[in-house]
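The values are calculated or read from the model by the stated rules, or taken from the named source; none is laboratory data. Nothing here was measured: the structure is a model prediction, and the numbers come from that model. Don't worry about glycine lacking a Cβ; one is built from the backbone with ideal geometry, like all the others, and counts go over all protein chains shown.
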Amino acid sequence: MATRTETRSGTVWTRITDNPQPAIIWAGVAAVLLLLQAGALLQFVGTLLVDFIQAVPGGFQATLAASFTEAAGESPTLLSRETIPNQGYYDGSGYQGTFFGLSPAMAWAVRAALIYLYAAAWTYWAWIAYDWYREYYRAADWTPRDDVVDRLRSHVWGIFGFVVVFMFVTMAIFAPALGPTTVEQNLKNPYGHTTKYWDGQSVQETTVGAANVASQSVGSESSNVGPMSYDDFGRFHPFGTLPTGKDLFTFIAAGSRISLIIGLLSVGLSAGVAVTLALLSAYYKGAVDLGLVLVSDSVMGMPQLLLLIMLTVVLGGTWIGKLYSGAFVLALIFAGTGWPYLWRSLRGPALQVSERQWVDAAKSFGQSPGSIMRKHMLPYITGYLLIYGSMTLGGAIIAIAGLSFLGLGVDPPTPEWGRAVNAGQDYVETASWHISLVPGLLITLVVTGFNALGDGIRDAIDPESDSAAGEAGGRGGGA
């Protein structure tokens, strides 16, 4: 492969055509990785699109939803529960229906480990793309971004946050395959599915609903299925069961999607509004900036909880209130009431860059305000957007869990972490302590991870910041 010094002139596309080998190799490996799990990735996107189609008024949505779901189900998926099954039964001599006759626990562990290895391979290959771009296709030998990346790579606290966020996002994307059972079988329609088990003498069959009733965790030693244990029907439960007898891990994995989707959507909408208004206030200043300050103060003064209750009731019966079990409404409310906090965080850096010489030079050359804000101001505040956006996302996740705990989150019976904490609050000091503790610890860990990642990005961008200036921060930031 040719080195960068041989291909540093012209546009990026020109440099790729002059030295196509690295790009072809990377694209080929990426295509193979994508094909291995095309079905799972398509189903993840499909669940969002199908829910939207079904909620939109009209008579065409049912056909489109059915067609998309069927196409997603027929797409190839290597690391699926069909390829590596864990839902089998013991017949007196060995396990039947599981991956290579392994126990349900081992078969599930193999599938979960391979899924996370697959996600790690994608993460590594994404890094290779950036590394090869710097090596072969970037025109400059060095940019300030190189120092930022190097500091972030050696930031221990930031790397911890990245690992936690990686684990959480992977769980959300591959939730159907990660669960020891499916949402449809165990949570939504348990009496419409059956399970086989060994009763000590012969193989018996019963409905999943009946098995759930007999596997409830309700506090006593005799009525409890704890973490990493089997129930009386030979079903493995990594996190134990709920008071209803349903699998807690499946509930949490499905709930991670809800938390991630609401968080990303709310932060994305807030970021769009905040960035636009920050650039406008910094460029025009004066009356525009003062007006936005007054508007943001007014929005921040609104009671968010009261607004949430009111809009949930008003929009609950409409098609927009049915989108993804009410998650879309929550995201809109979080975005509508949260943008002032993000705007205030970006306003200062935007005001700083508006006073720089290159902005004045762009004005003197007659560039339009939109072009100046997009080309000369936006790149400067992008780093700050990543910092505060990651921290805001962690706050959104804990807010979603808190609302679900109070019964104000997504519509039941859709799984959500806060609802699991609420279900187990009466059993905290009993043998069924896991019902509240496990999701509570995961909420704390995920929020801490997003905050840690934000801290790492901040210290990498600004090694002279307060957190990076201290002895511990300096070591973590690699400054």
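Could you count how many residues in the stretch 109-128 are touching a helix residue (DSSP H, G or I) at 6+ places or on another chain (Cβ under 9 Å) and among the aromatic types (Phe, Trp, Tyr)?
Summing the residues that are touching a helix residue (DSSP H, G or I) at 6+ places or on another chain (Cβ under 9 Å) and among the aromatic types (Phe, Trp, Tyr) in the stretch 109-128 gives 4.
Condition (residue is within 14 Å of Ala399 (Cα to Cα) and either outside the structural domain of Ile262 (by TED's automatic domain parsing) or assigned to a loop (DSSP other than H, G, I, E, B) (or both)) applied to the stretch 415-427: is it met by at least one residue?
yes
Anything in the stretch 426-442 that is touching a residue at least 60 places away in the same chain (Cβ under 8 Å) and more than 15 Å from Gln216 (Cβ to Cβ)? List them, or say none.
Val438, Pro439, Leu442
Do we have any residue at all in the stretch 348-365 that's surrounded by 22 or more Cβ atoms within 10 Å (Cβ to Cβ) and touching a residue at least 12 places away in the same chain (Cβ under 8 Å)?
Within the stretch 348-365, one or more residues are surrounded by 22 or more Cβ atoms within 10 Å (Cβ to Cβ) and touching a residue at least 12 places away in the same chain (Cβ under 8 Å).
Tell me, which helices (runs of 4 or more DSSP H) lie completely within the stretch 100-200 with 2 or more residues that are surrounded by fewer than 21 Cβ atoms within 10 Å (Cβ to Cβ)?
Those helices (runs of 4 or more DSSP H) span 104-132, 144-153, 156-173.
At pLDDT 60 or above and on the phi > 0 side of the Ramachandran plot: is that true of Gly10 in this structure?
Considered against the rule, which asks whether it is at pLDDT 60 or above and on the phi > 0 side of the Ramachandran plot, Gly10 comes out as yes.
Which of the residues belonging to the stretch 240-253 are within 22 Å of Leu445 (Cβ to Cβ) and either out of contact with any Asp or Glu (no Cβ under 8 Å at 6 or more places or on another chain) or not assigned by TED's automatic domain parsing to the domain that holds Gly94 (or both)?
Gly240, Leu242, Asp247, Leu248, Phe249, Thr250, Phe251, Ile252, Ala253
Among the residues of the stretch 228-249, are any under 28 Å from Arg347 (Cα atoms) and either crowded, with 23+ Cβ neighbours inside 10 Å or in contact with a Lys or Arg (Cβ under 6 Å, 6 or more places away or on another chain) (or both)?
no
Restricting attention to the stretch 397-418, does a residue exist that is at pLDDT 90 or above and crowded, with 20+ Cβ neighbours inside 10 Å?
yes
Go through the stretch 277-287 and report how many residues are within 11 Å of Leu342 (Cα to Cα) and surrounded by fewer than 15 Cβ atoms within 10 Å (Cβ to Cβ).
Total satisfying the criteria: 0.
Only one residue in Ser281, Ser296, Ser270 is assigned to a helix (DSSP H, G or I), within 23 Å of Ser354 (Cβ to Cβ) and touching a Ser or Thr at 6+ places or on another chain (Cβ under 8 Å). Which one?
Ser270
For Leu311, state whether it is more than 28 Å from the chain's Cα centre (by Cα), assigned to a helix (DSSP H, G or I) and either more than 29 Å from Ala278 (Cα to Cα) or not aromatic (Phe, Trp, Tyr) (or both).
The answer is no for Leu311.
Can you tell me how many residues within the stretch 18-43 are modelled with pLDDT of 90 or more and assigned to a helix (DSSP H, G or I)?
13
Which residues, taken from the stretch 319-354, are among the aromatic types (Phe, Trp, Tyr), farther than 18 Å from Val295 by Cβ and in a helix (DSSP H, G or I)?
Within the stretch 319-354, Tyr324, Phe328 qualify.
Only residues in the stretch 233-253 that are more than 20 Å from Ser222 (Cβ to Cβ) count as the first member; pair them with residues that are basic (Lys, Arg) and assigned to a helix (DSSP H, G or I), Cβ under 9 angstrom, at least 6 apart or cross-chain, and list the lot.
Phe251/Arg419
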